[in-house]
Every structure is written in structure tokens, then in C-alpha cells.
Amino acid sequence: MKKKKPESKIYTIKVYCAKCKTLLYRYQKEGQGLLVKCYKDRIIEDCTKRDLRCPNCQQIFARHAFYRNRPANKIIQGKVFVRK
């Protein structure tokens, strides 16, 4: 018998640059916990040029990655902060 995964709550967060406080993403986050990765199909609004740099201060805040065969952006710790 397979165990059922508990239903996770999906909510929208805003991801900001930690250096200059510029809005980077509006993102649909699932579950609780820290923001480690952003699946590209869950990004609602992308304020960057898709080059993983802050449009204001040009700081790199993430790297391209794949998780469970889905394209994602792996967030570099300390480069962003999140607000609901």
C-alpha cells in the first residue's frame, strides 16, 4: 500500500533581492519551509530578464537546476528574502 502524501497548501510569495530590495519574482510556493528552489512553471511574474540577476544591482541570486525532471532555479542562500 502506498502512503498518501498530505495535501500541501499553495500560496503566493514575493521574492526580493537582499542587497537592493528589488522585486524579483511573484511565486506560488507549496508547503512550509525556506525557499530553496523555484520551479520555473510556478513563477507567476518574473521581473528579471530570466538571466538570474537582479535587474537593479546585477547581483546573481540563483543557478539553473533540475529537480525531479523539472526545470528550477536554485536560490543562493542569503541573496534573496521572501514576503507574503
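Assuming charge only on the beta carbon of Lys and Arg (+1) and of Asp and Glu (-1), the dipole of segment 10-83 about its Cα centre is about 120 debye to the nearest 20.
If you look at the Cα atoms of the chain, you get an Rg and a Dmax of 13.6, 52 Å. Once the Cα-Cα distance is subtracted from the 0.36 nm per residue extended length, the ALA18 to LYS37 segment shows a gain of 5.2 nm. Between LYS84 and LYS49, residue separation times 0.36 nm minus the direct Cα-Cα distance comes to 10.3 nm.
Here, each number is a calculation from the coordinates, and none is a lab measurement. The structure presented is a predicted model; accordingly, all values stated were derived computationally and were not measured. Note that we place each Cβ from the backbone using ideal geometry, even for glycine, and neighbour counts take in every protein chain shown.
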